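Structure first, then comments.
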Amino acid sequence: MSQTETLPSVGARPSSANKLMAETMYDKCMALASNLWWSWQPEVITLFRDLDPIRWRQLDHNPIALLSEFTPERLEMRAAELVLYSRINHAYRRLKEYLSTIPLWGRTYAGVLGSKPVAYFSLEFGVHESVPIYSGGLGVLSGDHIKSASGLGVPLVAIGLFYDQGYFKQHLDLNGWQQEEYIDTKVENLPMEPARGSDGRPLTVEIQTRTGKLYAKVWLMRVGRVNLYLLDSDVEGNSPEDRELTSRLYGGDIRTRIRQETVAGVGGVRALRALGITPGVYHLNEGHSAFATLEAIRERMKDDGLSFDEALRDVAEHTVFTTHTPVPAGHDRFNGALIEEHLGPLRDELGISFDQLMGLGRVEPQNVHEPFCMTVLGLKLSRRANAVSNLHGRVTRRMWAHLWPWRVEDEVPIGHITNGVHILSWLAYQMLQLYDRHFPAGWQDRMGEPEVWQRIHEVDPGELWETHHSLKNLLLAFVRRRVSRQCRRRGESDDAVEAARNMLDPNVLTIGFARRFATYKRADLILYDLDRLSAMVNDPERPMQIIYAGKAHPADEPGKRLIQRIANLRHDPRFAGKIAFVEDYDINVARHFVQGVDVWLNNPRRPLEASGTSGQKAVLNGALNLSVLDGWWAEAYDGSNGFAIGKGASHVRDDVTDARDAASLYRVLEEQVIPLYYDRDIDGLPRHWIKRMMNSISSLAWRFSADRMVADYVRQTYLPAAGGTSCDMHIR
Ligand SMILES: *Cc1c(COP(=O)(O)O)cnc(C)c1O
């Protein structure tokens, strides 16, 4: 670890200090479980799993829940039985070392942020399946962002909400209809503790609204070197209704939503202040948290005697705003009454009128018919704004061009930083070991460098294929286990349960499709012509099978119908046992899928997928993307590193686009994907396919990593926003 140095003792690292002086095996395991760093350390994960493999799975891979079933004595015995001492000691030492050092990258590039960290706001964080405070891609992106910030040593704190019921658990009934179940999370089983203010007491923030006060307590969750602060309205002082305000992600009505966003934005800035943290940069991940800017303006006015306009300019200078939504209807909008109810008292302190406040959230400030839009607020109150892929940047500039009527579209000041994924969180252990064997020493500290990944071309094709095959076997075993459990739970016949135990064949080309069931993602595109699909699935020489997973938003009836249609294919003799739907898509299901499929299918209606990240996870593990040229794939596909559906164009009529894209999808499958996959040499290896896997890994893994993404944010947005020097991206 020559590239690191000891952390200067800034900031409060309160009770972790105690935990880190752990002596017993139990204390050491608990210390490991108390920082989510373990979630991207395969050695620590296997350590927990080895303690009790069955309970580990049953407890959703939650190490605190697992350890709480052990007494210290029993754990000691188990560790002795399995000869775990040196593994526990080693893991514990590595954690201590990790926490007490800052990597060279952070010291070199992000030094100026040291005393004034980035405050990263997001309404969901997907760090691990055992911490259910995310719903989908946006949350997983936030989780990956803070993990990479931790790894690179970027001074950053994160702010979000704690949802004690999280997002729903999904089951399908006998008709294939989605059922939603909300489960209370056991707080004591989560790696978090009350955050303490400068006085050492657990922190509560309060927000005055026109209709009363809102209170929130603050939790601290450790994600490597990053502190994640989660506000939680379940506190005394709040009405029973408000205590449930933050219990569900995307639950409740529009008033719940604005109250959640008030707690996260205004409450979040207040929490930071009470913690003694003065951010140098506010990074708003999506418009949901944009009220934070108003509270930051209030602070500047009060602390430094600035006028509203001066404070606004100052806050905008320090604010970075990332937008993810390429459709106008997808942005949060609130009417004037809700805005006044929740921000009225803050507005009084800012000394601005109701119309002025509303103007900040309107494209046309004077238009009384226009509601208050969080994205508009984010765009107006940040000097640096970005979309999340090149194509999404173009779409976003067009969508918001009317905010800058005097500029031509290309000069609308919204840039792009393409999303990426946290490599160690998504890479299968077997693939990591393969890379370890062949990549240059220390490659794990240089994952953003293209040269590192070029080495994949020197790997023996048979070794790569065998590794992929063993991961595919693990995936299919997982799917069979899940689907047979689903059948039993739904009360299906013993025959059905038995059939599920034997479904799917590891020698068959396997396509994966897992994501939110929003209709624009067109989960059913491949079902466009069932006869043609059946011909492919049932080809005697070169068959194909498909595995699906994904949740529809509880209010999304069309999305639920898509799920139903796919789930019910199991009653169609042409597809029974060959098309599977795995319930309750989450990070765990996602990890299994992206690590084991041959092909990752992505066919959104272009250009509605802002970036997409699941295909990037698949790349790391050697799966090939088969995707519409939308989002990240529009800038990733080079003709030899995967497959493209369509030519990157959409018709104004959806039905025409769908027909064309379906035709293209079938053609690419029939003419490229299937022949390439089944073209075997005398050793049974698909040489050309393996070559494409290597092209995919070498050309894409480093570019679409969250390390590259966070480094881009640092250089292009954080440093200039903090007042440092850098290559500016888009300055207004
Ligand atoms: C990666 C991920 C997503 C995002 O997938 P997209 O294909 O980019 O929409 C959503 N949900 C989970 C659980 C994920 O892991």
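The condition of being over 18 Å from H171 (Cα atoms), basic (K, R), assigned to a helix (DSSP H, G or I) and over 24 Å from the mean Cα position of the chain (by Cα) holds for only one of R574, R561, R532, R542, that being R532.
In segment 127-180, of all residues being more than 16 Å from the ligand (Cβ to nearest atom), closer than 24 Å to V483 by Cβ and hydrophobic (A, V, I, L, M, F, W, C), the one that is modelled with the lowest pLDDT corresponds to L174. Here M447 clears all of (1) closer than 30 Å to R49 by Cα; (2) in a helix (DSSP H, G or I); (3) in contact (Cβ under 8 Å) with a residue 12 or more places away in the chain except the condition numbered (2). Residue count for segment 75-102 under the criterion of being more than 18 Å from L152 (Cβ to Cβ), among the hydroxyl-bearing types (S, T, Y) and crowded, with 18+ Cβ neighbours inside 10 Å: the result is 1. Only residues that are in a loop (DSSP other than H, G, I, E, B), more than 10 Å from the ligand (Cβ to nearest atom) and out of contact with any strand residue (DSSP E or B) (no Cβ under 7 Å at 6 or more places or on another chain) were counted in segment 514-523, giving 2.
Those residues that are touching an Asp or Glu at 6+ places or on another chain (Cβ under 8 Å) and more than 16 Å from the ligand (Cβ to nearest atom), I need them from segment 567-587; list them, please. Hits for segment 567-587: nothing passes. In segment 213-222 there is no residue matching the filter, namely being assigned to a loop (DSSP other than H, G, I, E, B) and of a type in the set (A, V, I, L, M, F, W, C). The set of residues in segment 521-532 that are in contact (Cβ under 8 Å) with a residue 60 or more places away in the chain and crowded, with 18+ Cβ neighbours inside 10 Å comprises K521, R522, L525, I526. Within segment 173-224, being more than 21 Å from R248 (Cβ to Cβ), hydrophobic (A, V, I, L, M, F, W, C) and touching a residue at least 40 places away in the same chain (Cβ under 8 Å) holds for L174, A195, L203, V223.
So that you can scan it fast, the table gives a plain yes or no per residue for (1) modelled with pLDDT of 95 or more; (2) more than 30 Å from E180 (Cα to Cα); (3) buried (at least 19 other Cβ atoms within 10 Å of the Cβ):
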| site | (1), (2), (3) |
| --- | --- |
| I258 | yes, no, yes |
| T262 | yes, no, yes |
| H288 | yes, no, yes |
| E295 | yes, yes, yes |
| R298 | yes, yes, yes |
| T322 | yes, yes, yes |
| G344 | yes, yes, no |
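Take segment 180-196 and flag every residue that is in contact with a helix residue (DSSP H, G or I) (Cβ under 8 Å, 6 or more places away or on another chain) and of a type outside the set (D, E, K, R). Scanning segment 180-196 gives N189, L190, P191, A195. The residues of segment 545-558 that are within 15 Å of the ligand (Cβ to nearest atom) and not in a strand (DSSP E or B), listed by number, are G550, K551, A552, H553, D556.
Name every residue in segment 588-604 that is touching a Lys or Arg at 6+ places or on another chain (Cβ under 6 Å) and away from the ligand (no atom under 12 Å from the Cβ), in order of residue number. Talk me through it step by step, then tell me what you get.
Start the filter on segment 588-604 by keeping residues that are touching a Lys or Arg at 6+ places or on another chain (Cβ under 6 Å), which leaves 594, 596, 603-604.
Result: G596, single match.
Annotation note: Cβ proximity below 6 Å between a residue of segment 606-623 that is within 12 Å of G420 (Cβ to Cβ) and within 11 Å of the ligand (Cβ to nearest atom) and a residue that is assigned to a loop (DSSP other than H, G, I, E, B) and of a type in the set (S, T, N, Q) (sequence gap 6+ or interchain) occurs for S611/S389; S611/N419; T613/N419. Candidates R196, R248, R210: the one that is under 17 Å from V131 (Cβ atoms) and either surrounded by fewer than 22 Cβ atoms within 10 Å (Cβ to Cβ) or in contact with a His (Cβ under 9 Å, 6 or more places away or on another chain) (or both) is R248.
One line per residue, one yes/no per condition, for (1) of a type in the set (D, E); (2) modelled with pLDDT of 95 or more; (3) within 25 Å of the chain's Cα centre (by Cα):
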residue	(1), (2), (3)
E409	yes, no, no
I414	no, yes, yes
I417	no, yes, yes
M431	no, yes, yes
Y435	no, yes, yes
D445	yes, no, yes
E449	yes, no, yes
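When segment 627-643 is filtered for residues that are outside any strand (DSSP E or B) and either touching a His at 6+ places or on another chain (Cβ under 6 Å) or within 12 Å of the ligand (Cβ to nearest atom) (or both), the ones remaining, listed by number, are D630, G631, W632, W633.
Here is a yes/no grid of residues against (1) free of Cβ contacts under 8 Å to residues at least 24 places away in the same chain; (2) part of a helix (DSSP H, G or I); (3) crowded, with 23+ Cβ neighbours inside 10 Å:
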site: N625; (1), (2), (3): no, no, yes
site: G648; (1), (2), (3): no, no, no
site: V656; (1), (2), (3): yes, yes, no
site: L669; (1), (2), (3): no, yes, yes
site: Q672; (1), (2), (3): no, yes, no
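Of all residues in segment 569-598, those that are within 23 Å of A535 (Cα to Cα) have Cβ atoms under 7 Å from Cβ atoms of residues that are within 14 Å of the ligand (Cβ to nearest atom) and in a loop (DSSP other than H, G, I, E, B), 6 or more apart or on another chain, in V597/A623; D598/A623. With part of a helix (DSSP H, G or I), within 16 Å of the ligand (Cβ to nearest atom) and either farther than 18 Å from N625 by Cβ or hydrophobic (A, V, I, L, M, F, W, C) (or both) as the only criterion, which of I526, I511 stands out? Every option except I526 fails the conditions. Pairing residues of segment 536-561 that are β-branched (V, I, T) with residues that are part of a helix (DSSP H, G or I), at Cβ distances under 8 Å and at least 6 apart in sequence or on separate chains, gives I546/I526; I546/V537; I547/L475; I547/V479; I547/F593.
The values are calculated or read from the model by the stated rules, or taken from the named source; none is laboratory data. Bear in mind that the values here come from a model prediction, so they are computed numbers and not experimental data. A quick note on method: Cβ atoms are made from the backbone with ideal geometry, for glycine too, and the neighbour counts reach across all protein chains shown.
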